[in-house]
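Chemist: Sharing a structure, written as structure tokens. Questions coming.
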Amino acid sequence: MAEITMARLQELMVVLYAVGLVFYFIDYLNKDKVAHRSAFWIVMTVYVLQSAYLVVKIIETQRFPVLSLVEGIYFYVWLLITLSIVLHLTYKVGHAVFFLNVVAFTFMTIHTFASEQQSQSPIGEALISELLFIHITFAILSYAAFAMSFVFAILYLLVYKILKKKKWSKQFGRLPSLHQAIIGMKSALYAGIPILLVSLILGIRWASIALEEWNIFDMKIIGSFFLIAMYGVVLYLNRSGRLTSNDFAWANIIAFLFVIVNFFLGSKLSQFHFWM
């Protein structure tokens, strides 16, 4: 019972940390005070849970838990989160805090679903299955966010066309303004990109544990990296002023077509994405 509780605690930390990273990414791109504050308190919650877990381990083993690779990784993650919190509170360097937490999250997933740890645990298979479940859930959430950016892009072009032709209708008042449509597209990308990145990290970790043979150059993995890069470029060009208004909307529409291709064709061509 105690082992199951500890395992659930680690899963909770991974999920919370993933959500915190999403908020940090939004703040990193948009200097959003609400996202900044939310990210900090979520990561602080993870830190408190991690510290409690570390104390329990010390009490159980009567030593500092750094004698194995898995234990060492956990302590390393704890140190990285400690450092990110210190930087957040003192130097206010958002870029360093964000990237430091990306590194820490990667190592946290390695620790939580470490093959050495799971081979010694009677619930190892359940944990690995739940890792797959979290990976798929985050992937679908990212696709939903990209669908929202697609919808707002369509609405932007529709409103732009109505305004240009000056042909009002009764439904015009129910449409968003051009500014609202732009904000909708950006917000969807702020959420979708980091969620897909988290999903990709978890998926690669699952494959390395659960599969005897898999290839990093699998079509679905390449497609997911391509989507992150493509949406990242679209967002960067928009923020730099080189992709605005109609062009930004069309870029979102075209990018979403690649999401659909990756979702269906990528899964068909993949060596191990059999859930499709």
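What follows is calculated from the coordinates using simple rules that are stated; it is not laboratory data. Just so we're clear, the structure is a prediction, and the values are computed from it rather than from any experiment. Quick reminder, even Gly has a Cβ in these numbers, built from the backbone with ideal geometry, and neighbours come from all protein chains shown.
Chemist: What's the FRET efficiency of Lys161 with Arg37 using the Cβ-Cβ distance as r and R₀ = 25 Å, to the nearest 0.05?
Modeler: Calculated value: 0.05.
Chemist: Continuing with this model, one more query. Determine ³J(HN,Hα), in whole Hz, for all residues of the range 249-255 in sequence, where each value follows from phi through the Karplus function 6.51 cos²θ - 1.76 cosθ + 1.60 and θ = phi - 60°; x replaces Gly and Pro.
Modeler: Result, rounded to whole Hz: 5, 5, 4, 5, 5, 5, 4.
Chemist: OK, next. Could you work out how far apart the two model spin labels at Glu213 and Leu54 are, taking each label as a point 7 Å from the Cα in the direction of the beta carbon, and quote it in nm?
Modeler: About 4.2 nm separates the two model spin labels.
Chemist: Would you mind computing, in nm to one decimal, how far apart the modelled labels at Ile260 and Thr106 are, each placed 7 Å from Cα along Cα→Cβ?
Modeler: 3.4 nm
Chemist: Here's a follow-up. Can you give the extra length, in nm with one decimal, that the chain gains between Leu12 and Leu83 once fully stretched, where that is 0.36 nm per residue apart less the Cα-Cα distance?
Modeler: Length gained, Leu12 through Leu83: 23.4 nm.
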